[in-house]
Amino acid sequence: MKILVTGAAGFIGNFVAERLLEQGHEVVGLDNLNDYYQVSLKHDRLARIQDQPRFEFVEMDLADRDGIATLFAQHQFQRVVHLAAQAGVRYSIDNPMAYNDSNLTGMMTILEGCRHHKVEHLVYASSSSVYGMNKKVPFAEGDRVDHPVSLYAATKKANELMAHSYSHLYQMPITGLRFFTVYGPWGRPDMAVFKFAKKLLAGEAIDVYNYGDLSRDFTYIDDIVEGVLRTLEHVPSAGQGNAAYDNEATTPYALYNIGNHQPVKLLDFIQTLEHALGVKAKLNMMPMQPGDVYTTYADTEQLQQAVGFKPNTSLAQGLQQFADWYKAYH
């Protein structure tokens, strides 16, 4: 199949593109190579796949309406994996317009491309951040998610609503995936694991927010990719439904959590990273950050029922893989 992967120079998109190429698909990778973090890392990710004969890279911004429309018309993609977005909770507080352009306008250009060119299945990235300060755990797809605590989370909730409306109106098979704190080799430098590793190895103190009283459902990159590929093959049909929209019997839409289903206390996470890197951390205890949440915890029953898979990589195993890569890369 010919498949479009947006965010192909990003963390998750790069691994997804690599696996699709290994499976024999033809992949067009899209990315605007913005400078939210160092562009050199994005180029290095692309170098891992750019020489593959079935891979084509296109540098383009999602907000380029004419450019995206032309891309769809030229390639006639069979399926689309939409992973490109302006990421980061804290960055959205200072740079809100970047999220409008990438996450809202960008989602619309992809939806329009899929609609006009009869794409068989669109899989797109949402986020665990849509759950906000929900107190019920684990977070399930059918929970109310009407109280986002960051603009980033609000744009991801908006993406879900946009996707559902297009699926309903045009009978477009669409699947949304709520990712839970993804980590691993080639990860994003703005994520905690990357920041912590850099400071630990430099002998600097790491900032620990809410005085360490936080927990996250850390999910290893290989598990995320496996979930993406399995759901890409599992095309939703009208009447299938799931817990998020169980009353929409006429809409070919599905929504799944992809998380490890094992939230880890922040201080335990730091201790595991210390062991993986072989260094001791200095801790700078800080109050809660604006836009942050106390916990994330994925209910993965819906994903397992649909595609027979749930993430299972242990934190110790995943952090060791990350630590080995980080020390080799830097």
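The values are calculated or read from the model by the stated rules, or taken from the named source; none is laboratory data. Here the structure is a predicted model, which means the values were calculated and not measured. With ideal geometry, Cβ positions are generated from the backbone for all residues, glycine too; neighbour counts draw on all protein chains shown. To get the accessible areas, we keep the full protein, side chains included, count just its heavy atoms, and leave off ligands, DNA and RNA. Shrake-Rupley method; radii C 1.70, N 1.55, O 1.52, S 1.80 Å.
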Accessible area per residue for the range 216-330 in Å², computed with a 1.4 Å probe and the full protein assembly in place, what is it?
45
If I ignore ligands, DNA and RNA and count only protein heavy atoms, how much of residue 286 is accessible to a 1.4 Å probe, in Å² to the nearest 10?
60
The chain - percent of accessible surface contributed by carbon and sulfur, probe 1.4 Å
49
So what is the orientation-averaged projected area of the range 99-240, using the convex hull of its C-alpha atoms, in nm²?
10.4
State in Å² the accessible area per residue of the range 66-159; use a 1.4 Å probe, count heavy atoms of protein chains only, and round to the nearest integer.
40
Candidate cut points under trypsin sites (Lys or Arg not before Pro) in the range 4-97, DSSP loop plus at most 14 other Cβ atoms within 10 Å of their own Cβ, are 48, 54, 90
Proximal charge balance of residue 67 [Cβ under 11 Å; K/R count +1, D/E count -1]
-3
Check which residues have an amide H placed less than 5 Å from residue 178's amide H, if you skip close sequence neighbours.
126, 256, 257, 258
Could you order 40, 128 so the one with the most accessible surface comes first? Probe is 1.4 Å.
40, 128
Which of these, 160, 226, 59, has the largest mean-square fluctuation under a Gaussian network model of the chain (Cα springs below 10 Å)?
59
Provide 162, 1 ordered by accessible surface of protein heavy atoms (probe 1.4 Å), highest first.
1, 162
Most to least accessible of 211, 253, 329 (protein chains only, probe 1.4 Å):
211, 329, 253
Using unit Cβ charges (K, R positive; D, E negative) and no other charged atoms, how large, in debye to the nearest 20, is the dipole of the chain about its Cα centre?
420
With everything on Cα atoms, drop me the angle between helix 11-22 and the longest principal axis of the chain, reported from 0 to 90° to the nearest 10.
60
Rg and Dmax in Å for the range 1-134, alpha carbons only: what are they?
14.6, 46
Figure the gain on full extension for residue 265 and residue 69 (residue separation times 0.36 nm, minus the Cα-Cα span) and round it to one decimal in nm.
66.1 nm
Compute the signed sum of charges (Lys and Arg +1, Asp and Glu -1) over the other residues within less than 15 Å, Cβ to Cβ, of residue 95.
-3
Helix-only CD estimate at 222 nm, as mean residue ellipticity for the chain, using -39500 (n - 2.57) per DSSP H run (n ≥ 4)
-11500 deg cm²/dmol
Residue 34 to residue 235: FRET efficiency via 1/(1 + (r/R0)^6), r the Cβ-Cβ distance, R0 35 Å, to the nearest 0.05?
0.65
Percent RCO, i.e. relative contact order, over the chain, from Cα pairs under 8 Å lying at least 6 residues apart
18
Specify the inter-centroid distance of the range 192-239 and the range 23-81, based on alpha-carbon positions, in whole Å.
23
As a test question: what accessible area, to the nearest 10 Å², does residue 324 have when a 1.4 Å probe is rolled over all protein chains in place?
80
For 140-150, 105-115, ranked highest to lowest by mean beta-carbon neighbours within 10 Å, the order is 105-115, 140-150
Run the 1.4 Å probe and let me know the accessible area of residue 288, rounded to the nearest 10 Å².
50
Counting DSSP beta bridges with both partners in the chain, what percentage is antiparallel, nearest 5?
5
If I fit a long axis through the Cα atoms of helix 266-277 and take the longest principal axis of the Cα atoms of the chain, what angle between them do I get, 0 to 90°, rounded to 10?
80
Between helix 315-329 and the chain: long-axis angle, C-alpha atoms, 0 to 90°, nearest 10:
90
